[in-house]
Each structure stands twice: as C-alpha cells, then as structure tokens.
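Below is one structure, written out as structure tokens; the observations come after it.
The values are calculated or read from the model by the stated rules, or taken from the named source; none is laboratory data. Please read these numbers as outputs of a predicted model, since none were measured by experiment. When we count neighbours, we look across all protein chains shown, and the Cβ atoms used for this are built from the backbone with ideal geometry, even at glycine.
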Amino acid sequence: MTWGLVFEQLLNGLQYGVMLFLMAAGLTLVLGIMNMVNLAHGSLYMVGAYLAVALTGWTGNYFAGVALALLGTLLVGMAVEVVALRALYHRDHLDQVLATFGLILFFNELVSMIWGRGAQYASLPGWLQGHIDLFTGSRYPVYRVAILVVGLSTALILWYVVTRTRLGMLVRAGASNRTMVGALGVNIRLLYTVVFGVGAALAGLAGLMAGPIYAVQPGMGELILIQVFVVIVIGGIGSVRGALVGAIIVGVVDTLGRAFLKPVLASVISPPAAEAAGPALASMLIYLLMAVVLAMRPAGLFSSR
C-alpha cells in the first residue's frame with residue numbers, strides 16, 4: 001500500500017460520491033418536499049443512461065446527445081409525476097412504495113423491449129479518453145476528473161437555486177407548509193411537477209455519466225438506489241447540503257473499504273480468513289456507518305429545521 005494508491009482511491013471515492021449526490025439530491029427533494037417515497041428513482045437513472053447512448057449515436061455528437069438525454073429524462077420524470085404519482089401524495093407510504101415498485105418493473109421491461117436485455121457500452125469522445133499525471137506519479141482518467149467537475153458544479157448551482165432564487169424559496173416554503181403556500185396562490189401541482197422533473201434530470205445526469213464506466217443494462221438503477229437511501233439517511237431528509245456531505249462520506253468509505261480492508265485484515269489475521277471476511281465487511285461498512293449516525297443523530301447530520 002502506497003500513499004499514491006491511497007490518494008488515487010480517495011479520488012475514486014470522491015468521484016463515486018459525486019455520482020451518488022446527483023441521485024440523492026433529486027430524491028431528497030422529492031422526499032423532503034412531496035413526502036413521496038419514490039423507489040423508481042433508480043429507473044430514471046437507467047433511462048438517462050440509455051437515452052444518452054441512443055441519442056449520442058443518433059446525433060453523432062456527444063454534447064448534443066447529453067443535452068437531449070437530460071431533456072428526455074426531465075420530460076419522462078414530469079410525465080411520471082403527472083400520470084402515476086400525483087394521486088399518491090395523500091396516500092400512506094406503503095401505497096407509494098407499491099406503486100413505485102410497479103414503475104420499476106414497467107421501466108425495466110420497457111427498456112428491454114426497446115434496446116434488448118443485453119448490456120450496452122457508452123462511448124466517449126477522444127478528448128475524454130486520456131489521462132492526467134498526478135503529483136504522486138500515477139495517472140488518473142480525464143473522464144473521472146470531468147465527473148468531479150460536473151458534479152461539484154451541479155452542487156454549487158443547486159445550492160444557489162435553493163437558497164438564492166424565488167424558485168428555491170417556493171421549494172423551501174412548500175417543504176415546510178404546503179397548505180399555506182397553496183393558500184397564497186402558488187400552483188403547488190406545477191411546483192411539484194417541476195421539482196420531480198428536476199430530480200429526474202439529476203438522476204439521468206448521474207446515469208449518463210455512469211454509462212461509460214459501468215454497463216448500461218436493465219435494472220442498473222436498483223443497486224445504486226440502496227446506497228442513495230443510505231446517503232439520504234446519513235445526510236438528513238430534505239437537505240441538499242446533507243445529501244452532498246453524506247454522498248461524499250459514503251463514496252469514500254465504500255471505496256476505501258473495498259480497496260484496503262482486505263489487506264489490512266491480512267496483517268492481523270490469516271490471509272485465508274482475510275480473503276473470506278474482507279469483501280463481506282467492506283460491503284457492510286456504509287450500513288454500519290448509517291447505524292452509528294442514526295444512533296447519534298436520528299434525523300441525520302444536516303436535518304432540515
């Protein structure tokens with residue numbers, strides 16, 4: 001284990017955390033403002049990845065494909081909110097869970113019908129396929145650096161919109177007292193549709209950025225959705241700042257655990273035992289972290305006031 005390798009894995013953890021944040025930011029807005037448990041958020045992540053692959057190939061231009069994929073995911077999210085979810089706001093969470101689980105099955109079958117069940121792989125333009133030299137002497141992919149820049153820039157834009165604009169004021173007011181906001185003449189239905197669409201676009205952005213790293217395939221959003229819920233619980237429901245901090249913590253802990261826990265265990269126990277226990281313990285780290293946070297701060301690190 002060298003310090004250069006540790007630094008590289010820290011960058012990987014930060015990059016993974018940024019992708020988790022893009023998912024968690026949209027979902028925490030939906031949970032905090034609409035009080036909606038949306039299990040189908042991972043499906044919107046999958047839709048963004050598939051649309052990016054298809055539209056980039058159709059247009060022959062990477063930026064055009066990305067822009068159209070984000071727009072398409074935004075429109076899909078708004079359509080889902082209007083058609084399927086609007087009637088569930090006043091139902092209990094069990095009804096919401098069952099309905100959005102049905103949406104998972106629907107989207108998985110839909111993309112299988114359109115693109116097939118085989119995995120697809122997104123291509124990158126040449127200027128995103130290189131490497132940069134780190135001060136540690138190792139090389140790091142340019143595309144992962146681009147993910148960091150896009151994710152942190154998106155976090156800054158979200159912070160500005162939520163805290164400094166009229167739309168953000170309405171979002172925060174709707175989260176605290178939706179009845180009063182509606183009585184003041186604000187179109188709550190339209191506000192909810194816009195917020196849900198923006199959350200879907202953020203999930204689509206995470207999906208299209210994950211496409212060149214992971215395989216694009218049906219059901220790809222379910223596994224990451226579990227970790228996104230962990231991020232929200234740690235950061236605090238309804239807090240965009242909490243989503244960012246929680247996502248970075250989860251990304252770094254998960255990445256470092258999978259990279260270094262097994263060799264660390266091998267230094268104190270027998271190598272065969274470390275080989276068996278290391279991966280299992282590494283996969284449990286973020287859930288143990290969540291349990292510790294819940295024991296100390298049940299509402300999360302940055303619970304909304």
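Some observations on this one:
- Residue list for the stretch 284-304, restricted to those being assigned to a helix (DSSP H, G or I) and among the aromatic types (Phe, Trp, Tyr): 287
- Enumeration of residues in the stretch 12-62 that are assigned to a helix (DSSP H, G or I), surrounded by fewer than 24 Cβ atoms within 10 Å (Cβ to Cβ) and among the small types (Gly, Ala, Ser): 13, 54, 57
- Listed by first and then second residue, the pairs linking a residue in the stretch 154-173 that is surrounded by 15 or more Cβ atoms within 10 Å (Cβ to Cβ) to a residue that is not in a helix (DSSP H, G or I), with Cβ atoms under 9 Å apart and 6 or more places separating them unless they lie on different chains, are 170/186; 172/304; 173/184; 173/186.
- Residue that is under 19 Å from residue 81 (Cβ atoms) and aromatic (Phe, Trp, Tyr), where the choices are 192, 214: 192
- Test set (1) surrounded by 15 or more Cβ atoms within 10 Å (Cβ to Cβ); (2) outside any strand (DSSP E or B) - residue 97 fails condition number: (1)
- Condition met for residue 40 (under 29 Å from residue 114 (Cβ atoms) and touching a strand residue (DSSP E or B) at 6+ places or on another chain (Cβ under 6 Å)): no
- Criterion violated by residue 266 - all others in (1) free of Cβ contacts under 8 Å to residues at least 24 places away in the same chain; (2) exposed (fewer than 13 other Cβ atoms within 10 Å of the Cβ) satisfied: (2)
- Residue 231 under 22 Å from residue 101 (Cα atoms), at pLDDT below 90, crowded, with 22+ Cβ neighbours inside 10 Å and not aromatic (Phe, Trp, Tyr): no
- Residues satisfying the stated conditions in the stretch 104-123, i.e. of a type in the set (A, V, I, L, M) and either loosely packed, with under 11 Cβ neighbours inside 10 Å or within 21 Å of the chain's Cα centre (by Cα) (or both): 104, 105, 111, 113, 114, 119, 122
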